Amino acid sequence: MGICLLGYKNTGLKFKSLAIILGLALLMSIACYGCGPSKEVKTPADSGTVTESEVIKVGILHSLSGTMSISETSLRDAELMAIEEINATGGVLGKIIEPIVEDGASDWPTFAEKTKKLLERDKVATIFGCWTSASRKAVLPVVEKYNGLLWYPVQYEGLESSRNIFYTGAAPNQQIVPAVEWLLKQGKKNFFLLGSDYVFPRTAHKIIKAQLKAQEGVLVGEEYTPLGHIDYSTVINKIKAAKPDVIFNTLNGDSNVAFFKQFRAAGIGSESIPTMSVSIAEEEIRGIGAEYMEGHYAVWNYFQTTDTPENKEFVKKYKARYGQARVTDDPIEAAYFQVYLWADAVKKAGSTEVDKVREAAKGIEFNAPEGLVRVDPENQHTWKTVRIGRVTTEGQFKELWSSGEPVKPDPYLKGYNWAGELKPGK
């Protein structure tokens, strides 16, 4: 419903009552792209008429078209579901949260443009959005200029900290570094690095190469392809020639579909050359096909199979809202719980003012589907549990290893002697 309502909101239609909202939402539900089955709109029962002063506007900014839409559309869905749930319990500070959804279109300048629009024209209290580091870095100077607040739900390469961003995905010490350590302990010494050609993979590979050098691993190959790339025959031939023990995969978007299908077509399975991915989760496996991914590894902080009471309820609600065929995954879960973190910070601050919310969010905790998460007061990153899993025939993950407890975020890798020479990616 959030998207359907939004489409009319953005064209200037002003709704004066919840009865009108409910009626139009019902009529428009079949035209609502990506929203899933029509559901009853959940709003505070005692709301009456909604005026401008009784609404808190928030921005949702993800790629709903282009190469990254395979990953990002579901983040929008998770954020809308969290907003619906919060509104159903009375909203925030007695006000209803009104989402304004924008499409970054897998284009970094568009992300910057939409951010300016959300902050300057729509006057949103905060923005939930982005996936790639390129989009985040395009948004960063805009939120800093206008003193906006971005909640960023995806793992990334680290080496960054902005007072205008809360990072709810993994820092490198909560994903990349423990994955390399685990692979080395499994006897995977020879690494081939494969990534999309932009800031996250290139910086992630710098981290991995420094770690391999310090921990007696070997780099046998490194390749980059543009986002949206679909012909991997040359890359696969290079992989065959290099004979790695493992491929550390930092491809993003629908390029993963092309790579893994061609990888299997070339006669290479996970039993001979496994991959460790940091941007492939259950949603991407659904798009690629479990038959191409079975046996490969991924490292995240959350799997749909994570065994917590909160996760069982989360998965149940998500499937009820969007369809039983849908899956949850790590970025979806982070997109969901970060809305609650913001809402709790607003309640604690008693205000939606960015400076007050930022201060109130320091040290705030939430029992998320993955387990307890906590906002680190020093760097606005999130304490998270690390998990490594293997893809099953059902397209889910069997957890093989876990850190057992939330790990303090270390975005600049200050706790590792070998990381001293690393510089932020351009």
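Readers should treat all values here as calculations from the given coordinates under stated rules, not as data from a laboratory. Just so it is clear, the structure is predicted and the values come from calculations on it, not from any experiment. Virtual Cβ from ideal backbone geometry, glycine too; neighbours counted across all protein chains shown.
At what distance in nm do the modelled label points of Ser65 and Lys189 sit from each other, each positioned 7 Å from its Cα along Cα→Cβ?
5.2 nm
So what is the diffusion coefficient of the chain in µm² per second by Stokes-Einstein at 25 °C and 0.890 mPa s, using a Kirkwood Rh over Cα pairs?
In µm²/s, the coefficient is 112.
Hey, what D do you get for region 122-172 in µm²/s if you plug the Kirkwood alpha-carbon radius into Stokes-Einstein at 4 °C and 1.567 mPa s?
Using the Kirkwood radius from Cα pairs, D works out to 118 µm²/s.
Quote the relative contact order of region 232-343 in percent (integer), defining contacts as alpha-carbon pairs under 8 Å separated by 6+ residues.
23 percent
Please list, in order along region 69-84, the HN-Hα scalar couplings obtained from phi with the Karplus expression 6.51 cos²θ - 1.76 cosθ + 1.60 (θ = phi - 60°), rounded to whole Hz, x for Gly and Pro.
5, 4, 9, 8, 4, 5, 5, 4, 4, 5, 5, 5, 5, 4, 5, 4
May I ask you to compute the full-extension gain from Glu271 to Ser402, defined as 0.36 nm times their residue separation minus their alpha-carbon distance, rounded to one decimal in nm?
Taking 0.36 nm per residue and subtracting the Cα distance, the gain is 44.9 nm.
For a quick check: with amide H placed at 1.01 Å from N, whose amide H comes under 5 Å from Trp401's, ignoring anything fewer than 5 positions away on the same chain?
Counting only residues 5 or more places away or on other chains, the set is Ile388.
What dipole magnitude, in Debye to the nearest 20, does the chain give about its Cα centre under +1 on Lys/Arg Cβ and -1 on Asp/Glu Cβ?
With only Lys, Arg, Asp and Glu charged at Cβ, the dipole is about 440 debye.
Shape call for region 277-426 from the C-alpha gyration tensor, a ≥ b ≥ c root eigenvalues: rounded (a/c under 1.5), prolate (a/b greater than b/c) or oblate?
Here region 277-426 falls in the oblate category.
Using alpha-carbon pairs under 8 Å, 6+ residues apart, how would you state the relative contact order of the chain in percent?
16 percent
Helix-derived [θ] at 222 nm for the chain: sum -39500 (n - 2.57) over DSSP H runs of at least 4, divide by residue count, nearest 500?
-11500 deg cm²/dmol
Compute the separation of the alpha-carbon centres of region 317-378 and region 185-216 and state it in Å as a whole number.
Cα centroid of region 317-378 versus Cα centroid of region 185-216: 31 Å apart.
Farthest toward the dipole's positive end in region 326-371, which of Tyr340, Ala368, Ser351, given Cβ charges of +1 (Lys, Arg) and -1 (Asp, Glu) about the Cα centre?
Farthest towards the positive end: Ser351.
For region 297-346, what does the alpha-carbon gyration tensor say about shape, rounded, prolate or oblate, given a ≥ b ≥ c as the root eigenvalues, a/c under 1.5 as rounded, and a/b over b/c as prolate?
oblate
Place a point 7 Å from Cα of Glu394 in the direction of its Cβ. Which residues in region 324-345 have their backbone N less than 19 Å from it?
Counting backbone N atoms under 19 Å from the label point, the list is 324-330, 333.
Given a Förster radius of 60 Å and the C-beta distance between Asp197 and Gln324 as r, what FRET efficiency does 1/(1 + (r/R0)^6) yield to the nearest 0.05?
The formula returns an efficiency of 0.95 here.
For region 140-235, just say rounded, prolate or oblate: build the C-alpha gyration tensor, square-root its eigenvalues into a ≥ b ≥ c, call rounded for a/c under 1.5, and beyond that prolate if a/b exceeds b/c, oblate if not.
Oblate, since a/c reaches 1.5 and b/c is not below a/b.
Given the pairs Lys114/Lys209; Lys316/Lys362; Lys116/Lys316; Lys95/Lys398; Lys209/Lys384, which are separated by over 32 angstrom at their Cα positions?
Lys114/Lys209; Lys116/Lys316; Lys95/Lys398
Would you please give the residues with an amide H less than 5 Å from that of Ser277, counting only those at least 5 places away or on a separate chain, with H modeled from the backbone geometry?
Asn249, Tyr297, Ala298, Val299
Can you list the aspartates and glutamates whose alpha carbon is less than 19 Å from that of Lys123, not counting same-chain residues fewer than 8 positions off?
Partners found: Glu52, Glu54, Glu79, Glu98, Glu102, Asp103, Glu113, Glu144, Glu353, Asp355.
Taking 0.36 nm per residue of separation and subtracting the Cα-Cα distance, what length does fully extending Thr308 through Lys414 add?
Result for the pair: 35.0 nm of gain on full extension.
Let's test the formula: R0 of 45 Å, r as the Cβ-Cβ distance of Thr234 and Ser53. What FRET efficiency results, to the nearest 0.05?
The value I calculate is 0.15.
If you count, for each residue, the other Cβ atoms within 10 Å and average over each peptide, how do 238-249, 214-225 line up from highest to lowest?
Output ranking for 238-249, 214-225: 238-249, 214-225.
List the aspartates and glutamates whose alpha-carbon lies under 20 Å from that of Lys408, not counting same-chain residues fewer than 8 positions away?
Glu157, Glu160, Glu181, Asp330, Glu333, Glu359, Glu365, Glu370, Asp376, Glu378
Among the listed pairs Lys188/Lys414; Lys137/Lys423; Lys238/Lys261; Lys145/Lys347, give every one whose C-alpha distance is greater than 20 Å.
Over 20 Å apart, Cα to Cα: Lys188/Lys414; Lys145/Lys347.
So, R0 is 30 Å and r is the distance between the beta-carbons of Ala88 and Lys362; what FRET efficiency does that work out to, to 0.05?
So the FRET efficiency works out to roughly 0.60.
Sorted by mean Cβ packing within 10 Å, highest first, what order do the peptides 263-271, 388-396, 167-175 take?
Order by mean packing, descending: 167-175, 388-396, 263-271.
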